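First up is the structure itself, then whatever we jot down about it.
Coordinate-derived values only; no laboratory data. Computed from a predicted structure; not experimentally measured. No Cβ is skipped: glycine too gets one built from the backbone with ideal geometry, and neighbour counts run over all protein chains shown.
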Amino acid sequence: MLRRKLFNSIDLFYGIRNIQRLSSGRFLTYKLKHTLVVNKREIDNEKEIKNSQDINAFTYRTHTCGELRPMHNGKSVTLCGWVQYQRMSKFLLLRDSYGVTQCIVNNNQINFNDVPLESIVKINGTVSLRPTNMINSKMSTGKIEVVIDKLEVLNVADKVPFNLRVHQKPKEQLRMQHRYLDIRFPDMQNKLRTRSSMLHNMRKFLIETYGFVEVETPTLFCRTPGGAREFVVPTHYPGLFYSLVQSPQQFKQMLMAGGVDRYFQVARCYRDETTRPDRQPEFTQLDIEISFTNLDHIIKMIDQLLYETFTKPLPNPPFKRITYTEAIENYGTDKPDISYDLRFKNVSHLFNNNDEAILSAFVLPYPAELGKLSSKYKDKIKELKQKNNVRVILNENVSKELSNDMKCQIQSIVGENKAFILALGDKEKVCTCLGEIRQQIAVLLQSKELIEINKDIEPLWIVDFPLFTEGDNGLETCHHPFTAPHPEDFHMLDSEPLKVRALAYDIVMNGNEIGGGSVRVHNADLQEKLLRMLNIDASKLMHFINALRSGCPPHAGIALGIDRLITIACDADSIRDVIAFPKSHEGKDPLSGAPNVITEDDKKYYHINIVK
């Protein structure tokens with residue numbers, strides 16, 4: 001198994017003792033038998049993997065700064081790393097990507113007093129046990145030190161804008177401006193190595209276990225109509241441009257037409273959209289497509305992939321599944337956080353159906369112990385109701401704004417120990433507004449310990465999305481124009497298109513959408529029909545439609561957001577924390593200053609005229 005499940009060391013200790021007693025015949029116990037056997041095998045595998053990785057090969061160091069132990073006592077070693085700390089030219093802490101080792105000097109010929117911190121040095125020395133009263137239990141190498149025989153300065157650090165100390169971390173903008181330094185922090189090292197390990201395990205799962213083929217597809221492509229805004233790339237041909245792909249969607253479907261029936265790619269994607277904590281202009285996704293499959297098979301495959309490769313424990317598959325309608329009517333969003341139990345109640349039946357001003361009525365119940373909301377939260381709720389254009393009534397105002405009888409009726413539905421917030425209006429807007437209020441109330445309840453938050457990660461599938469939404473200029477696609485309609489709703493495509501469900505699916509982790517996909521349209525005639533309904537010029541997609549006409553098999557796929565997955569795995573605040581060289585919240589590169597101006601010669605070569 002690729003899954004890393006660490007278990008309590010006490011359980012392991014007693015489990016080993018029980019097995020020893022079992023073998024000696026003294027007494028019999030099976031309490032930890034299964035857990036111990038499985039986890040002991042995993043530990044042995046971990047040791048085997050670690051031992052098989054010679055991370056000192058092809059270098060002139062003999063050991064890393066994190067691997068020396070008492071068993072190395074008396075051994076001559078060569079270490080390389082950064083000077084993290086030094087004192088009186090006698091003690092030096094040497095750090096590399098794997099840990100920290102204390103080094104000491106026992107002769108006067110070696111002087112590193114003038115070597116600045118963060119300089120790179122090479123040390124030859126001998127491992128020695130520390131005196132018992134000087135053992136540092138907080139360091140993995142805390143039982144030994146290296147007595148320096150020779151020190152060579154490989155490169156002096158003369159311009160370091162901040163100290164690499166966890167308790168003195170500078171603000172994000174400065175760290176991103178000098179990202180090469182920020183990456184030296186142990187937590188950044190851990191995040192990048194976690195990312196590498198998870199991607200490696202995903203590749204092993206797909207290639208070695210299930211025979212997928214990794215195919216690289218182009219980054220430079222043509223504009224995809226009906227999708228997100230794309231970056232254009234000028235060429236030296238007048239008036240002709242590439243677009244950076246927002247995903248390999250068309251390519252992977254054409255691979256299905258080409259007979260590559262099990263495709264995947266760790267794909268670089270680009271979208272010219274507003275940057276948020278979980279989004280930036282360029283991002284990475286695990287792109288997967290399979291021929292001769294359906295929705296249930298794709299979901300089952302991703303359940304197993306995540307269960308076996310995610311670095312944190314997940315529940316046993318199959319993961320929970322709800323419909324889009326259930327998500328909206330219970331949580332007000334298609335990416336609900338179900339780590340806390342705050343669900344809406346539909347009370348539309350209590351209101352007069354003939355009153356056209358009231359289309360839907362939902363309430364958000366919460367513990368009555370919270371009491372009246374502060375002015376801060378009332379102002380926030382006021383903003384949300386204005387933004388969504390719905391009527392919102394707080395618990396204490398229901399009797400006054402409606403009637404005492406109405407409050408009693410609602411109270412009987414939500415429970416006597418609950419307060420509630422009522423929203424009235426268009427159903428979608430009401431649920432969306434309550435969904436945003438739900439997030440605010442959850443934070444407040446958590447701060448007062450009035451709500452139980454499940455700290456485990458519980459993936460949730462959302463299915464049965466609408467195929468279309470109503471846009472300003474007609475129908476818009478809910479996912480993308482290559483998504484297949486639900487076969488049970490085919491008869492409504494022409495008459496009631498907004499009621500047609502899509503064979504689409506998203507997977508959510510604790511309120512974060514980490515993947516989405518669909519069963520694709522593989523019939524060219526149906527694809528052209530959907531494009532016409534979306535007012536998309538099919539002539540711009542003839543290369544794709546021709547591929548469908550060539551005998552393209554039924555197929556489906558999904559894309560997982562790697563940056564978001566790693567963010568959750570590392571408990572990071574933003575995807576910027578798990579990307580080696582991210583863009584800022586403005587979509588810019590603080591390191592190089594990009595995007596930059598170009599020269600007049602470049603403008604001429606690429607036929608660019610700057611319009612102000």
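Quick one: net charge around Asn73, please, counting Lys, Arg +1 and Asp, Glu -1 for every other residue with C-beta under 12 Å from its C-beta.
Net of charged neighbours comes to +3.
Placing a label point 7 Å from the Cα of Thr323 along the Cα-to-Cβ direction, the residues of region 461-479 whose backbone N falls under 16 Å of that point are 461-468.
Approximating the spin labels as points 7 Å out from Cα along Cα→Cβ, the Asp602-to-Glu273 distance works out to 2.7 nm. Residue separation of Glu586 and Ser403 scaled by 0.36 nm, minus their Cα-Cα distance, works out to 61.0 nm of gained length. Counting only aspartates and glutamates at least 8 places from Lys204 when in the same chain, those with an alpha carbon closer than 14 Å to its own are Glu214, Glu308. Could you name the lysines whose alpha carbon sits less than 19 Å from that of Lys387, not counting residues in the same chain fewer than 8 places away? Here the lysines satisfying the reach criterion relative to Lys387 are Lys376, Lys378, Lys427, Lys429.
When volume of the Cα convex hull per residue in Å³ is calculated for this entry, the matching label among (i) 252; (ii) 198; (iii) 213 is (i).
Note on Gln53/Gln446: beta-carbon distance plugged into 1/(1 + (r/R0)^6) with R0 of 56 Å gives a FRET efficiency of 0.85.
Annotation: lysines with alpha-carbon distance below 30 angstrom to Lys90 (same-chain offsets under eight excluded): Lys75, Lys122, Lys138, Lys143, Lys150, Lys159, Lys169.
Kindly list the residues of region 61-79 that lie in the label zone of Lys122, defined by a backbone N under 12 Å from the point 7 Å along the Cα-to-C-beta vector. Output list for this probe position: 61-62, 78-79. Under a 5 Å amide H cut-off, with hydrogens placed 1.01 Å from N, Lys75 pairs with Val127 among residues at least 5 apart or on other chains.
Projecting label points 7 angstrom from Cα along Cα→Cβ for Gln304 and Ile207 puts them 1.9 nm apart.
If the segment from Asn73 to Val611 were pulled out straight at 0.36 nm per residue, it would be longer than the present Cα-Cα gap by 186.7 nm. Rounded to whole numbers, the Karplus 3J(HN,Hα) couplings from phi for region 334-342 are 8, 9, x, 8, 9, 6, 9, 9, 10 Hz, using 6.51 cos²θ - 1.76 cosθ + 1.60 with θ = phi - 60°, and x at Gly and Pro.
Let me spell out the model: positive unit charges on the Cβ of Lys and Arg, negative unit charges on the Cβ of Asp and Glu, origin at the Cα centre of region 61-144. What dipole size does that give, in debye rounded to 20?
Working: 10 positive and 4 negative charges, 54 e Å.
Taking the Cα centre of region 61-144 as origin, the dipole is about 260 debye.
Taking the helices alone, the chain has a mean residue ellipticity at 222 nm of -9000 deg cm²/dmol, built from -39,500 (n - 2.57) per DSSP H run of at least 4 residues and averaged over all its residues. The packing ranking, built from the mean of other Cβ atoms within 10 Å per residue, places the peptides 534-546, 194-206 in the order 194-206, 534-546, highest first.
Compared with the dominant Cα axis of the chain, that is its longest principal axis, helix 186-203 is turned about 60°. Protection proxy ranking for 421-430, 143-152, using the average of other Cβ atoms within 10 Å per residue and placing the highest first: 421-430, 143-152. Each of the peptides 233-241, 504-512, 253-261 was scored by the mean count of other Cβ atoms within 10 Å over its residues; in descending order, highest first, they stand as 504-512, 253-261, 233-241. The string of couplings for region 297-313 from the Karplus curve (6.51, -1.76, 1.60, θ = phi - 60°) is 5, 5, 4, 4, 5, 5, 3, 6, 4, 5, 4, 8, 10, 5, 7, 10, x Hz, one whole number per residue in order, with x for Gly and Pro. For the chain, averaging the sequence separation of C-alpha pairs within contact (under 8 Å, six or more residues apart) and dividing by the residue count gives a relative contact order of 13 percent.
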